[in-house]
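The values are calculated or read from the model by the stated rules, or taken from the named source; none is laboratory data. Everything quoted here is computed from the prediction, not taken from an experiment. Here the Cβ positions follow ideal geometry from the backbone for every residue, glycine too, while neighbour counts run over all protein chains shown.
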Amino acid sequence: MTFGYGSTGGTAVSVLETDPREKVQVLAEDGSVVEGATVPDLSEETFVEMYRTMKLARHFDERAVSLQRQGRMGTYPPLSGQEGAQVGSAMALRDEDWIVPSYREHAASYVHGLTLEGTLRYWMGDERGNRLEDLNIFPVAVPIASQIPHAAGLGMAADYNDSDEVFMCYFGDGATSEGDFHEGLNFGGVFDTPTVFFCNNNQWAISVPREKQTAAETIAQKAVAYGMEGIQVDGMDPLAVYQVTSAAVERARSAEGEQLRPTLIEAVQYRYGAHTTADDPSVYREDDEVEKWKAKDPIPRLEAFLRDRGVLDDERVAELTDSIEEEVAEAIDTAEEYTRPTTESMFEHVYAGMPERLRQQQAYLDRLQSEHGDEELLE
Amino acid sequence: MSDTQNLTLVQAVRDGLKGELERDDDVVVFGEDVGKNGGVFRATQGLYEEFGEERVFDTPLAESGIVGTAVGMAAYGMKPVPEMQFSGFAYPGFDQIVSHAARLRTRSRSRFSVPMTLRMPYGGGIRAPEHHSESKEAFYAHEAGLKVVVPSTPHDTKGLLAAAIRDPDPVVFMEPKLIYRAFREEVPDESYTVELGEATTRREGDDVSLFTWGAMTRPSMAAAENLAGEIDVEVIDLRTLSPMDWDSIVESFKKTGRAVVVHEAPKSGGLGAEIATTIQEEALGYQRAPVQRVTGFDTPFPLYALEDYYMPEAARIEDGIREAVEF
């Protein structure tokens, strides 16, 4: 399901002029509205959808890690703790806008229309999970930061075609140390592309902490060097993320005059779990630190805000929880029902037309399969 | 009969780009110094003036950015033709080439493709500084999802470049800069293509098959002519290195039973090894001598005081041919 809000709900683009060393916040950790903050002008239904999607992402994440532990799925990168940044930012996009993800944006991609079983299938080792049909979501990019130049190039192409699509490029704090971060943002600035460069600063690049990635006070301030606005936001505050991202999307779509269209957003947040299921964070960080960040959890935070406004109560939360559990369970069932892709598909998507040598290699594998059977061949 | 112009190879590059820019609005040409300056080798001369900054533009000095943005543009449906100023400077873009340009079709189950033609001058013999002389076609030919093309004549250059730009998959188009201006050839004014994946026989012969490409075609032909009357050498210019025209290679070998592969890239792990192995797999019964490889050495490409020793010249190629024939 997609939201396709489009309008910024009255968000002033001027929020982007906040000093990139400050951090925009709307909700305090207890869910109350921070003094002077503007709550995005969204319908009750939309607030509930935002809450439900974050809660669904958390539950999905827990189930996915469990599937990996049971040997039902391969290595998986968890997102718990990062729901506010992903859901809040992706909800600021229109359907025709694009997500250019790294590999952890399961929740953002869900908001933009990717099914849960699509995500599951990809991490179950089936490339078909990455074929996103008519959704404007670029396939997962695993090499760190390498998708950032793609987002700039997509924006250049959209400009050339007089389209007003906006490209939301996600990456982590570690990615900001890569050359492709520099080259991508630099092209974004020089060619003034309709791009939102969205950094999910989750404090850890596997085991290397944020302060070892850069001596800069904030990541947001790096934007200055590319001639664009940079803004830091509390990434565990979904309303602040929505507000800031909506403003950046609006600017990307319709900046005029001297104003450059791209923005660098640094969403400050925390990865509760491991980098991937192959990682053990107890080796490099203390539990105390995790607990400290859990006090900022985006889900109870928005829940408290919505309960306070009378939008949520125990009954509604219980209903939502049931429907989330059902939706995730169904997605897992569907994903596990898929049979292995054909071996032919390994060969058929390399080139538009299959070269003779590939045809021979496919025939060779076919022969082995038919002579020995899969069971013997894969023993 | 259509009109022709007498062009050098680099002029044929320019003419090929011009033809495709005219033919398809989705074609854009960009890179370092390709705009007003017309390219450091003048391969894009006049295109900026003729087609404007939207179609022919300079970029920041950043090879990964150039290839990476080209991947994005191509996925969006454009036909980007980025330039790497020298192949020796392409490595910052290598990750984008192999991790993304080559893989996006597979990764998206063919929803996205990367119809990019990445031009890069390659090869030695031009008395240039370090990093300006390498031949690294094997890097690219090793990568599934890429096509690799190396022209050796002005006529082929224009036709292969047009075919590469129209191809739905990424093509690394390596231009032999040693012969950018070495000779001229009549090239039709109108657009035409030379099909990718097809070798051509530059010289027919019965005694030994010589397989080569790019700048090495000329000294190979010279060697064959020098030996004419004594040894009858068939010279096959492969033109496309991925996918390779195996049928033509094997067919020629079955006729002669002897083969020499000439490339200026280092010997070990070079494409000569792939050709020799395929000949053994496909035509062992015809083989009359070990396959000879006349190649660059397994050393870094030397500065130019020694480059003539490194590059296979006619005399070395003749020596390799004799080895194959006198076995």
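In table form, for the structure just shown:
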quantity	calculated
Matching option when the condition is more than 20 Å from B:GLU198 (Cα to Cα) and either touching a residue at least 60 places away in the same chain (Cβ under 8 Å) or in contact with a His (Cβ under 6 Å, 6 or more places away or on another chain) (or both), among B:GLU230, B:GLU225, B:GLU264	B:GLU264
Residues within segment B:1-25 that are more than 23 Å from the chain's Cα centre (by Cα), at pLDDT 95 or above and not acidic (Asp, Glu), tallied	2
Among the candidates A:ALA175, A:ALA151, A:ALA145, residue that is within 15 Å of the chain's Cα centre (by Cα), small (Gly, Ala, Ser) and assigned to a loop (DSSP other than H, G, I, E, B)	A:ALA145
Some residue of segment B:246-254 being within 14 Å of another protein chain (Cβ to nearest Cβ) and crowded, with 22+ Cβ neighbours inside 10 Å	yes
Given (1) surrounded by fewer than 24 Cβ atoms within 10 Å (Cβ to Cβ); (2) under 28 Å from A:SER80 (Cα atoms), number of the condition A:VAL224 does not satisfy	(2)
Options A:VAL224, A:VAL196, A:VAL249, A:VAL244; residue that is aliphatic (A, V, I, L, M), over 20 Å from A:ALA92 (Cβ atoms) and in the same structural domain as A:MET156 (by TED's automatic domain parsing)	A:VAL224
Residue ID - farthest from the other protein chains (Cβ to nearest Cβ), chosen from residues in segment A:97-136 that are surrounded by fewer than 21 Cβ atoms within 10 Å (Cβ to Cβ) and either hydroxyl-bearing (Ser, Thr, Tyr) or closer than 18 Å to A:GLY172 by Cβ (or both)	A:THR115
Subset of segment A:222-246 (residues that are assigned to a helix (DSSP H, G or I) and either hydroxyl-bearing (Ser, Thr, Tyr) or more than 16 Å from A:GLY188 (Cβ to Cβ) (or both))	A:TYR226, A:PRO238, A:LEU239, A:ALA240, A:VAL241, A:TYR242, A:GLN243, A:VAL244, A:THR245, A:SER246
Which listed residue is within 14 Å of another protein chain (Cβ to nearest Cβ) and part of a loop (DSSP other than H, G, I, E, B), from B:GLY145, B:GLY68	B:GLY145
Residue list for segment A:326-343, filter: surrounded by 14 or more Cβ atoms within 10 Å (Cβ to Cβ), acidic (Asp, Glu) and within 19 Å of A:GLY113 (Cα to Cα)	A:GLU327
Matching residues in segment A:176-204 - criterion: being small (Gly, Ala, Ser), in contact (Cβ under 8 Å) with a residue 60 or more places away in the chain and surrounded by fewer than 24 Cβ atoms within 10 Å (Cβ to Cβ)	A:GLY189
Residues of segment A:63-97 classified as under 25 Å from A:VAL26 (Cα atoms) and either in a helix (DSSP H, G or I) or not assigned by TED's automatic domain parsing to the domain that holds A:ALA28 (or both), total	8
Residue within segment A:275-294 that is in contact with a helix residue (DSSP H, G or I) (Cβ under 6 Å, 6 or more places away or on another chain) and touching a residue at least 40 places away in the same chain (Cβ under 8 Å) present	yes
Qualifying residue in segment B:93-100 (condition: buried (at least 21 other Cβ atoms within 10 Å of the Cβ), away from chain A (no Cβ under 14 Å) and among the aliphatic types (A, V, I, L, M))	no
Residue within segment A:86-108 that is touching a residue at least 40 places away in the same chain (Cβ under 8 Å) and touching a Cys at 6+ places or on another chain (Cβ under 6 Å) present	yes
Residue in segment A:337-360 that is free of Cβ contacts under 8 Å to residues at least 60 places away in the same chain, under 23 Å from B:ASP167 (Cα atoms), part of a helix (DSSP H, G or I) and among the polar types (S, T, N, Q) present	yes
Matching residues in segment B:112-133 - criterion: being surrounded by fewer than 23 Cβ atoms within 10 Å (Cβ to Cβ), among the charged types (D, E, K, R) and out of contact with any Leu (no Cβ under 7 Å at 6 or more places or on another chain)	B:ARG127
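Quick grid of which residues meet (1) without any contact (Cβ under 8 Å) to a residue 60 or more places away in the chain; (2) buried (at least 23 other Cβ atoms within 10 Å of the Cβ); (3) touching a strand residue (DSSP E or B) at 6+ places or on another chain (Cβ under 7 Å):
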{"position": "B:PHE57", "(1), (2), (3)": "yes, no, yes"}
{"position": "B:ALA62", "(1), (2), (3)": "yes, no, no"}
{"position": "B:GLY77", "(1), (2), (3)": "yes, no, no"}
{"position": "B:LEU104", "(1), (2), (3)": "yes, yes, no"}
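One line per residue, one yes/no per condition, for (1) modelled with pLDDT under 95; (2) aromatic (Phe, Trp, Tyr); (3) under 15 Å from A:ASP297 (Cα atoms):
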position: A:THR11; (1), (2), (3): yes, no, no
position: A:ASP19; (1), (2), (3): yes, no, no
position: A:VAL39; (1), (2), (3): no, no, no
position: A:GLU49; (1), (2), (3): no, no, no
position: A:ARG58; (1), (2), (3): no, no, yes
